[in-house]
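Here is the structure we will look at, set down as structure tokens.
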Amino acid sequence: MDKKLIYFFGEGKAEGDASDEMIKLLGNKGGQLQEMTKMGLPVPPGFTITTDVCDYYFEHGGQLPEGLIEQVRANMNRLEKVTGYEIGDFKRDPLLVSARSGAAVSMPGMMETILNIGLTDKCVDAYIERHGNKEQPKKFILDCQRRLYEMFGQNVYGIEREKFRKIFDGLKEEAGVRDYTLLTSSHLQTVITKYQQLYRENGKELPQDPFQQLIDAIKAIEESAMGEKARNYRKAEGLPEKVWTGVNIQTMVYGNENTTDCGTGVGFTRDPSTGIRDERNPYGEFLLSSQGEDVVSGSRNVFPISHMKQAVPQAYDELMKVCDILERSTGRVQDYEYTVWRGKLYMLQTRNGKLTGRANVRSSYDMVREGLIDVKDAVLRVTPTNLEQLLHKMIDYEAMKRDGVELDNIVINRGGAGVAASPGGGIGRAVFDVKAALEYKARGEPVILCRLETNPTDYPGMIVSEAVATARGGKTSHAAVVARNKGIPCAVGTGVDIDEENRRITYPNNKGETVIINEGDYISVDGNTGKILNYRAKLTQPNPDDLDLQNFLHLLYPVAKMRVYANANDSSEAARALQFGAEGIGLARTEYMFLEDKIEGENRQLAIQSWMLAEEEAIKLKALERLEQMQKRDFGEMYSVMQDKPIIIRLLDYPLHELLSGAEAHLDELSEVTKLHQEHLKRRIEDYHETNPMLGHRSVRLGITHPEIYRMQVRAILSAAKEFNNSTDRKHITLHIEIPLVCLVNEVKNMEQLVREEAEKVGFNRGGYSSKGDNRYRLGIMYELSGASFEADNLTRVSDFASFGTNDLTQTTMGWSREDGSATFLPTYVSQRIVDEDPFVTIDKDGPVAKAMAHAVLLAKVAKTDYEFGICGEHAADPASLEVCYGIGLSNVSPAPNQVPIAWLKSAQLSLTKEYGSMLSEYAAKVSTSFSKFMKTANKVVC
Ligand code: PEP
Ligand code: MG
């Protein structure tokens, strides 16, 4: 291989950097180490072996490329010169190095690390002798050696980690200590002797040639890129099958040398759960006398970074400065690792922090305010999933109170134990390993994975869980990091007796009695408090007033070209929609006003059903009058909430027979009101039955066959609006009345006349906006039939606005039943790639529904340039479908209230990156090309 295979960094100079290209070549860790060195930050010198070497290694059956060993040797010589230490030197302190993996895409904990490489038995003995056999230095060097045995044994020879752990934990138990720093040098010597024995049992020994150790370690790191752990992780994350790692060889610095001014730590420049930057209490942990993984392993009590202030004040101040520099240069929250050796700070790693949705939202907003990034950066880096996490479900403590459940009786981890690791609440059956998690999940049961601590092999179980709970670990433990990433609620460090072997949790309740929770029992986990509850809680809906959400939404509003309304059917839904940032109501479905009582005893069902079933005109009329009063009140309440914001009210859309559902159950009441015999009523109900109601007697057709019901609705809508407008001098309502499921111009004309006649009676005029003493309404139509798209030019001339009802439009364009059609054949359609996605979830940008929409908008814009279209089908919350909406230039989109923020985000992102209405121009160009081709062909035929 002629290429440069190794990039050196040290003494403020580096051969690589953190550009995208270099990260690809050196891996993220390598690129960042090089960049930090260039920035003059305190990084132990070293070199990075490129990812090309890893590629070569796998393409050539585990061979390192020719010349690599020589290049490693040359770079080790360079390192020796820079550091003044030499590898294998036993007369003085030897140069030891670490070998650490790092691919371009971060795969935390999935590949391997080996520390203290170069430490031969001879070096250890000489070191002890040089230090006069004193306890502290002896302990230190033996600790380095036992770590080398562990990591080398596991990663180079594949000896199980558990075997080392058993020996080490066994000795700690024998010595009666939990914290390994309390072990004596003779304990450590015993551990090493046992490790050597373990090596021998596996037919191995630690090479005593330090360079051989290094080459073996490099190969082991390369190998780990295709290890089972890493492959499984990539599969689960949807990453490419092959991801090559760089190998970073770096001079060791020793956080384990003593217990006074040496230690290691990890941290984030802002809290990865909340996004808050707290200068007095920075997010992260520090552990005196420690090395490598100690901080995150959960095996010792760690301290907040702020403890460094007392122990190693200079290093602390420098660390704070470094955090600042890193954020300013990357514009991202950084996740870093560091070591303090003899009171001096060394940076070992930095990378973009994996944040919860909330933290990404909050930190992006704050960084704009602090001038670190611009609005575009902030908007583009937040994903719809981030926002969804922020709109998390939470444990409903109020409901518990209402149910008389005392928290103290159900909390398992009492006495303040439990770390809030990932926000949100989860409820499910307790399971104790991955296998059980997957089995329960396959049966459709929600699960909560409970472990002592997790490691990468638990990953498949974690991601199917409603929540994760561990006995050990802190905020940066494996469980915490993975759960936060995934938006899975998580409590760690709960201190609970999680018995993985016997699959149960045992805990003393507040009366001191022992309680057992077995596998399969329901529990709840609160990721916001770190508590596990022996209770099947309820979950609350998210809080729209959340300040982080609101602040971020205010970045989106000025940017988003496509405005966001919401579907809301009553005043409380309307209020929620406004809180989530909706600028109007894109669809108020009035069906529910016929069926759901707002006040006890209204019996709206009886009213609508008696109107349908009665034969006497007077009874029918009375029923409609009752309904009109109720609907007028409902509309009045909605107007009070919405004021002058647009409200699109759709007239009754249900198939008639659905309004009769449940009628059989109260025939006696119906009989009394309608004065008809029950048998007769049954026959009348039967008469309303339709084989295909969704394509039957519903919507505008109902308005034409039974105009009295539509007239009643229009009266209720307008008279409530008149009252509202009369009651105010300022915010007047301009009504938007919408007719569902239209196809024919004559249907709209018929409706136009009906609405106009009613409007004239109450003094409303069509078009424009209402003002004091001038009440206005607009008449709109829904596009739910592709037939309507062909008629769009004509339909536009008789209406003022339109909205795509893509639930029905998908159903009718594709002929797939929205109720049950796709469940039977969709899996086959997807597996055979006939469609990529369920069209009821995502509008295919090249598919027939998108074309039906584009066609309608095109014809409409030709007829009236300022004619506005919206969308109110479920697709209005689907990011991929919103691209179609933006592409064809819709004015507004209307999802459910809780989904409004997602639609704002997507609309703003598209506005910053894509041309509004571009799909429409493309569609127009295609149509006109076809047209001119046709004209040419037709001319030939004519000639
Ligand atoms: C639609 O069809 O997309 C629509 C919004 O109407 P509904 O779902 O009420 O039929
Ligand atoms: Mg519909």
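Within segment 698-737, count every residue that is assigned to a helix (DSSP H, G or I) and in contact (Cβ under 8 Å) with a residue 40 or more places away in the chain. Show your work before the answer.
So the first thing to find is which residues in segment 698-737 are assigned to a helix (DSSP H, G or I), and the list is 699-705, 707-726.
Filter once more, keeping what is in contact (Cβ under 8 Å) with a residue 40 or more places away in the chain: 699-704, 707-725.
Number of matching residues: 25.
Whether any residue in segment 911-933 is surrounded by 17 or more Cβ atoms within 10 Å (Cβ to Cβ), in a helix (DSSP H, G or I) and of a type in the set (D, E, K, R) is what I want to check. There is no residue in segment 911-933 that is surrounded by 17 or more Cβ atoms within 10 Å (Cβ to Cβ), in a helix (DSSP H, G or I) and of a type in the set (D, E, K, R). Go through (1) more than 16 Å from ligand 2 (Cβ to nearest atom); (2) modelled with pLDDT of 95 or more; (3) crowded, with 23+ Cβ neighbours inside 10 Å and name the single condition G889 misses. G889 satisfies all of (1) more than 16 Å from ligand 2 (Cβ to nearest atom); (2) modelled with pLDDT of 95 or more; (3) crowded, with 23+ Cβ neighbours inside 10 Å except (3).
Selection over segment 787-811 of residues that are touching a helix residue (DSSP H, G or I) at 6+ places or on another chain (Cβ under 9 Å) and within 16 Å of ligand 1 (Cβ to nearest atom) gives a count of 11.
Residue check: E868 meets all listed conditions (1) under 30 Å from L547 (Cα atoms); (2) touching a strand residue (DSSP E or B) at 6+ places or on another chain (Cβ under 6 Å); (3) surrounded by fewer than 21 Cβ atoms within 10 Å (Cβ to Cβ) but one, namely (1). Among the residues of segment 388-419, those identified as hydrophobic (A, V, I, L, M, F, W, C) and assigned to a helix (DSSP H, G or I) are L390, A399, M400, L407, I410. In segment 595-624, the residues that are over 23 Å from E637 (Cα atoms) form Cβ pairs under 8 Å with partners that are assigned to a loop (DSSP other than H, G, I, E, B) and basic (K, R), at six or more places apart or across chains, as follows: A614/K675; E616/K675; I619/K675.
Within segment 799-818, can you find the residues that are closer than 14 Å to S786 by Cβ, in a loop (DSSP other than H, G, I, E, B) and near ligand 2 (Cβ under 10 Å from one of its atoms)? Scanning segment 799-818 gives a single hit, G805.
If we scan segment 142-158, do we find a residue that is over 43 Å from the mean Cα position of the chain (by Cα) and either of a type in the set (D, E, K, R) or outside any loop (DSSP other than H, G, I, E, B) (or both)? Yes - at least one qualifying residue is present in segment 142-158.
Taken over segment 174-183, residues that are out of contact with any helix residue (DSSP H, G or I) (no Cβ under 7 Å at 6 or more places or on another chain) and not in a helix (DSSP H, G or I) amount to 3. Count of segment 553-569 residues, restricted to those that are within 15 Å of ligand 1 (Cβ to nearest atom) and assigned to a loop (DSSP other than H, G, I, E, B), is 3. A count restricted to segment 456-500 and to residues that are more than 26 Å from N360 (Cβ to Cβ), touching a helix residue (DSSP H, G or I) at 6+ places or on another chain (Cβ under 8 Å) and assigned to a loop (DSSP other than H, G, I, E, B) stands at 0.
Starting from residues that are touching a Ser or Thr at 6+ places or on another chain (Cβ under 9 Å) and among the aliphatic types (A, V, I, L, M), keep the ones in segment 218-238 and report whichever is farthest from E66 (Cα to Cα).
My answer is A230.
Quick one: would you say V742 is within 16 Å of ligand 1 (Cβ to nearest atom), in a loop (DSSP other than H, G, I, E, B), at pLDDT 95 or above and within 19 Å of A802 (Cβ to Cβ)? When the stated conditions are applied, V742 passes them.
Looking only at segment 767-786, count every residue that is within 16 Å of ligand 2 (Cβ to nearest atom), in a strand (DSSP E or B) and in contact with a helix residue (DSSP H, G or I) (Cβ under 9 Å, 6 or more places away or on another chain) and tell me the total. Give the derivation first.
Here is the first cut: in segment 767-786, the ones within 16 Å of ligand 2 (Cβ to nearest atom) are 780-786.
Cutting the leftovers down to in a strand (DSSP E or B) gives us 780-783.
Now restrict to residues that are in contact with a helix residue (DSSP H, G or I) (Cβ under 9 Å, 6 or more places away or on another chain): 781-783.
Count: 3.
With respect to the conditions (1) in contact with a strand residue (DSSP E or B) (Cβ under 9 Å, 6 or more places away or on another chain); (2) of a type in the set (D, E, K, R); (3) over 17 Å from Y338 (Cα atoms), K242 falls short on a single one, namely (1).
Working only within segment 338-387, note down all residues that are of a type in the set (V, I, T) and outside any helix (DSSP H, G or I). Hits for segment 338-387 are T339, V340, T350, T356, I373, V382, T383.
Here E222 meets each of (1) without any contact (Cβ under 8 Å) to a residue 60 or more places away in the chain; (2) out of contact with any Asp or Glu (no Cβ under 6 Å at 6 or more places or on another chain) with one exception, condition (1).
The values are calculated or read from the model by the stated rules, or taken from the named source; none is laboratory data. Since this is a predicted model, take the numbers as computed values, not measurements. Note that we place each Cβ from the backbone using ideal geometry, even for glycine, and neighbour counts take in every protein chain shown.
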